[in-house]
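Throughout, read-outs are computed from the coordinates displayed, never taken from laboratory work. Predicted, not measured: the structure shown is a model, and the values here were computed from it. With ideal geometry, Cβ positions are generated from the backbone for all residues, glycine too; neighbour counts draw on all protein chains shown.
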Amino acid sequence: MSSPVHDPARTSPRDQARTPPPVPPPVPPPVPANGPANGPVNGPVNGPPPLPAVPLSDPRYGPTHGPVRDPMAGPRGPAATRPRGPMSGWRLRDFEDAARERLAPAHYDYFAGGAGEEITLRANEAAFDRLALVPRVLRGAGIPETGVTLLNSRASMPVLVAPTAFHRLADPQGERATARAAAAAGTIMIVSMAATVAVEEVAAAAPGAELWFQLYVQPDLAFTERVVRRAESAGCTALVVTADSPVMGVRERDVRNGFHDLPAHLHCENLRDGPDGPVRPIVMWPELSWEHLAMLRRMTDLPLVVKGVTHPADARLAIDHGAAAILVSNHGGRQLDGMPAAIDLLPDVVAEVAGAVPVLMDGGVRRGTDVVKALALGAAAVGVGRPVLWGLAAGGEAGAAGVLGLLRAQFEEAMTLCGCAGLAGLSRDMVRDMIRDTVRDTVRDTVRDTVRDTVRDTVRPC
Ligand SMILES: Cc1cc2nc3c(=O)[nH]c(=O)nc-3n(C[C@H](O)[C@H](O)[C@H](O)COP(=O)(O)O)c2cc1C
């Protein structure tokens, strides 16, 4: 079963002919903002100023007591001793605005868009706004320790780079730049099967990066196994099996923009059939089942993360079929439109799993307090998709590092303000659902008033 027409991950017939080994394409010249849809642009535009090289992080720096950390600072870098980058003070929205300015409109829409009417896409972010944090005080917690170990991979913070396709649409270095930014932040990057740089090259570009590999199981199981072996040889330490894509969700922005394929110089390099072979189209496979997960379990020693689990019963099945972790995700609102927000799906899955395996989540995480909310509701870590793409498009490696640094600074600040010495200090009672509380209070008050009025009328003296 081949992927549907709206899947830009489909490779065109040209890819299926034998093609020479990938040659880095020339960097396209800058185009004006909102210029033609001709690929990545990091040149001068009418938006934010061009970005000089920014020193990346140094994990030797200690914790920060300063008021607001430089988003460009690396792991636990003290703001006072850090050179301040040109994006200092930027919020995540600023990165997105800069990305929108710099990207061809169809490419911006490809990254930003969701399936259908984008109900789920909007819900993912809105749900975090509905949740409020109730901090604990006077715990003497000090500066929080934010490192986590996930499936034997160490991350300096519980914020991972979620797998996203086509990074070379955002920056000529593509996934190489993202991997370097993730390595500098000391966190895990999940390399997409639909990456525009081969997983071996991603690993080579960022020695020391902790990489996991995301897999769309292909019906050609021999080919699937070759991809798994490539990920293993490249040094990936976990396999993230995407389970929510039996077909590709229809993204109406892509349909409107006529964005159905990568530009001619870009390919999904992990789909290349042999070093000099053609690039296969990615197949979204409706027959994919739990049996294939069990098959993968036998095929590789890598821990399996099942991505796209949202129903508690499926979380149980995933564990029964060998999953070492579960990633609660609605694919950033890009698959089934009308699903609940990912953060709203998390608690039931956490309850069902009951600590048997780590539960991760992604979708709508846009600030450090969102990370705290997800962790308080039971997530072991969160993934961020679009935010990293905005950083990459805004400023290449430094921009992606800036986004990760901003999230780290905000997360550390929020943890400190919540009185948490570490992730264990968070608990579910520290998150309030404001709408649920309002409904509960309204119902309680209405019932109380009705009962009071009824009693008064009933016992009124005649
Ligand atoms: C442009 C784009 C491409 C994506 N490509 C993939 C992919 O190749 N494989 C995958 O499993 N998920 C993919 N995702 C989904 C992400 O892994 C993740 O679930 C989602 O982006 C999280 O939502 P957020 O963008 O709000 O952080 C993609 C998401 C976006 C936005």
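Considering every alpha-carbon pair of segment 317-462, the percent of pairs per 10 Å bin, from zero through the bin containing the longest distance, is 10, 28, 29, 16, 8, 6, 3, 1, 0. Annotation for segment 405-437 versus segment 106-170: alpha-carbon center distance of 13 Å.
Annotation: the residues Asp362, Asp220, sorted from fewest to most other C-beta atoms within 10 Å of their own C-beta, follow the order Asp220, Asp362.
Arrange Thr454, Thr187 by Cβ neighbour counts within 10 Å, fewest through most, would you?
Numbers: Thr454 10, Thr187 27.
The fewest-first ordering by Cβ neighbours comes to Thr454, Thr187.
Based on the alpha-carbon gyration tensor of segment 87-424, what equivalent-ellipsoid semi-axes (square roots of 5 times the eigenvalues) come out, in whole Å, largest first? Each step should come with its number before you reach the end.
Values: eigenvalues 159, 111, 80 Å².
In descending order the semi-axes read 28, 24, 20 Å.
Applying the criteria of a DSSP loop state and at most 15 other Cβ atoms within 10 Å to the GluC sites (Glu not before Pro) of segment 264-368 yields Glu287.
Multiplying the residue separation of Arg298 and Met434 by 0.36 nm and subtracting their alpha-carbon distance yields 44.4 nm.
Using only the Cα atoms of segment 142-197, construct the convex hull and provide its projected area averaged over every direction, in square nanometres to one decimal.
Working: hull surface 17.5 nm².
Seen from a random direction, the Cα hull of segment 142-197 projects 4.4 nm² on average.
When both segment 323-378 and segment 288-314 are represented by their alpha-carbon centers, they are found 17 Å apart.
Determine, for each peptide in 441-452, 203-214, 224-235, the mean count of other beta carbons within 10 angstrom over its residues, then list the peptides with the highest first.
Working: 441-452: 10.0, 203-214: 20.8, 224-235: 17.2.
Ranking the peptides 441-452, 203-214, 224-235 by packing returns 203-214, 224-235, 441-452.
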